[in-house]
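To keep things clear, I will list the structure first and then write my remarks on it.
The values are calculated or read from the model by the stated rules, or taken from the named source; none is laboratory data. Treat the numbers as computed from the prediction; the structure is a model and nothing was measured. As a convention, Cβ positions derive from the backbone with ideal geometry for all residues, glycine included, and neighbour counts pool all protein chains shown. Ligands, DNA and RNA are excluded from the accessible area calculation, which covers all protein heavy atoms including side chains. Shrake-Rupley method; radii C 1.70, N 1.55, O 1.52, S 1.80 Å.
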Amino acid sequence: FISTVLNENVINDSVDIFRAFLDSFQDNFNATHNEYQYNGRGEVFYTYNSFKRNLNVSFKVAAQTRWEMMPIYRKLNFLVSNTAPEYSSYGRIRTPMIRMTVGSWCNRIPGVLSSVSLKWQKDYPWEINLDGPEIGGKGGGPHMLVLPHVLDVNVSFLPIHNFIPQKSVTDAP
C-alpha cells in the first residue's frame, strides 16, 4: 500500500491499499565515489561521495466487477497526483511525501515518488457501458466509466531513510 503523508498533519496519513498482482519489484542501491590520482601513482583512488536508493514496483490493478472501477481509478488518480507539487495555504510549494509498503520487503519507508506510469494492453477488457453514458438506467448509468478493467502500473520511489545508511549486517538498508 501507499500511505500519503498529509503535510498539514504529519501524524495522520491517507492510506491507499491496492489489491494488485505484483509483476516486478526492484530495489537498487547506488554509491558514487570521488576519484583522486596522486603524483607518482598510476592507479586511481576513491573517496566515498554519496548513497542513493530507488525502488521500482510494477503491478496490475484489476476491477473484478464494473462497480469496483470508480474506486480503483480514484486511487490511481490520487497516486499519480503525488508526482505533482503540493501547495500550502500561503502558496508555498511543498514536496508530496509518501510511505511505501510492499509486503515485508519495505514497511512504511518514507520517501517521494519520482514517476508513476499507467499502461493498458490491447488484450485487457474494457467496460463498454452498453446502455451508454448518456442514457443511464440499469446498465450503470452516467456514473459508469468507459475504461479498461485492468491497468499496468509502474512506480519509481526514492526512499528518504529514517536511519543512517551504513555498512552493517544488521543496520543496512
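Phe163 accessible area, nearest 10 Å², 1.4 Å probe?
Approximately 80 Å² for this residue.
Put Arg92, Arg41, Arg66 in order of accessible area, largest first, 1.4 Å probe: what do you get?
Values: Arg92 170, Arg41 120, Arg66 50 Å².
Final ranking, largest accessible area leading: Arg92, Arg41, Arg66.
Want the number for Leu22 to Glu35: 0.36 nm per residue separation, take away the alpha-carbon distance, what's left?
0.7 nm
Determine the gain in length on full extension of the stretch Thr101-Tyr48; use 0.36 nm per residue of separation and subtract their C-alpha separation, reporting nm with one decimal.
Values: separation 53, 0.36 × 53 = 19.08 nm, distance 2.97 nm.
Fully extending the segment from Thr101 to Tyr48 adds 16.1 nm.
State the percentage of accessible surface on the range 22-67 attributable to carbon and sulfur atoms; use a 1.4 Å probe and exclude ligands, DNA and RNA.
Values: 1580 of 3280 Å².
Of all accessible area on the range 22-67, carbon and sulfur atoms account for 48 percent.
If ligands, DNA and RNA are left out, what is the accessible area of Lys60 with a 1.4 Å probe, given in Å² to the nearest 10?
50
With a 1.4 Å probe and all protein chains kept in place, how much accessible area does Tyr48 have, in Å² rounded to the nearest 10?
130
Extending each Cα 7 Å along its Cβ direction at Trp67 and Ile93, get the distance between those two points in nm, one decimal.
Modelled inter-label distance: 4.3 nm.
Extension gain Arg108-Tyr124, at 0.36 nm per residue separation less the Cα-Cα distance, in nm? Intermediate values should be presented prior to the final figure.
Values: separation 16, 0.36 × 16 = 5.76 nm, distance 3.14 nm.
The Arg108-Tyr124 span can extend by a further 2.6 nm.
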